[in-house]
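K.L.:
Okay, here's the structure, questions in a sec.
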């Protein structure tokens with residue numbers, strides 16, 4: 001083979017190699033393009049899946065909202081029904097309370113009428129009615145004085161609370177002793193006047209007002225007083241019996257057969273409290289009296 005033929009053969013061989021290389025490059029390029037297409041298809045599939053999942057979630061939320069909306073309406077209706085029931089119950093309770101008040105007022109009026117009738121009967125029977133009525137008037141005035149004094153003390157001396165008020169013994173300062181003495185003297189002058197019977201009417205409002213001003217001046221720095229419960233439990237209690245049924249209580253009945261506070265006649269079998277000064281009172285009346293006082297309502301003797 002000559003050199004020229006050899007060169008042609010080599011050139012032809014090189015061309016074939018170049019063609020094969022170009023074919024390989026084309027195949028590689030096609031394979032790469034195929035991979036890119038497949039990757040794009042896969043991404044497209046994933047995107048569609050995400051979109052479908054988001055749509056499913058949105059549908060689920062819509063379904064939940066549709067289910068919750070009737071429940072919300074039902075809750076609102078229940079709340080409105082409860083409010084209406086509450087208003088109805090309040091209105092019914094108000095009417096019931098108003099009816100109770102009217103009934104209580106009617107009962108109080110009936111009791112007052114009965115008390116007035118009993119008092120009128122008592123006035124016809126009891127010869128000591130004038131003295132009892134006069135004593136009742138004095139007690140009412142002194143009760144008003146006590147209430148005014150206590151109100152004044154509560155407004156001006158709320159910070160004055162002595163610890164001995166809660167101890168076993170209640171000590172009366174000198175000012176309280178002077179107050180008790182003046183109240184005692186006022187009551188004695190009222191029950192036993194120095195003049196004739198016409199002088200009973202001479203105890204006018206000016207004298208009472210002057211006495212109250214002096215009591216208020218003396219009692220400015222004092223704390224309201226009362227009797228401890230343990231002392232109340234020690235008081236003597238008796239069962240009232242009419243003089244015809246019991247001779248042991250006849251001496252007490254001769255002194256008084258009615259309470260010095262409410263001025264009602266003692267009833268058969270009623271529990272009374274006999275103070276150390278021998279004065280008799282209804283148990284409930286004298287216990288209430290001793291909540292703010294520590295003396296006998298009649299003689300002002302300290303308990």
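What follows is calculated from the coordinates using simple rules that are stated; it is not laboratory data. All values derive from a computational prediction rather than experimental measurement. Here the Cβ is made from the backbone with ideal geometry for all residues, glycine too, and neighbour counts use every protein chain on show.
K.L.:
Identify, please: which residue in region 257-280 is closer than 18 Å to residue 229 by Cβ and touching a helix residue (DSSP H, G or I) at 6+ places or on another chain (Cβ under 7 Å) and is, among those, surrounded by the fewest Cβ atoms within 10 Å (Cβ to Cβ)?
P.N.:
Applying the filter and picking the extreme gives 271.
K.L.:
Are any residues in region 281-292 crowded, with 21+ Cβ neighbours inside 10 Å and more than 16 Å from residue 237 (Cβ to Cβ), and if so, which ones?
P.N.:
none
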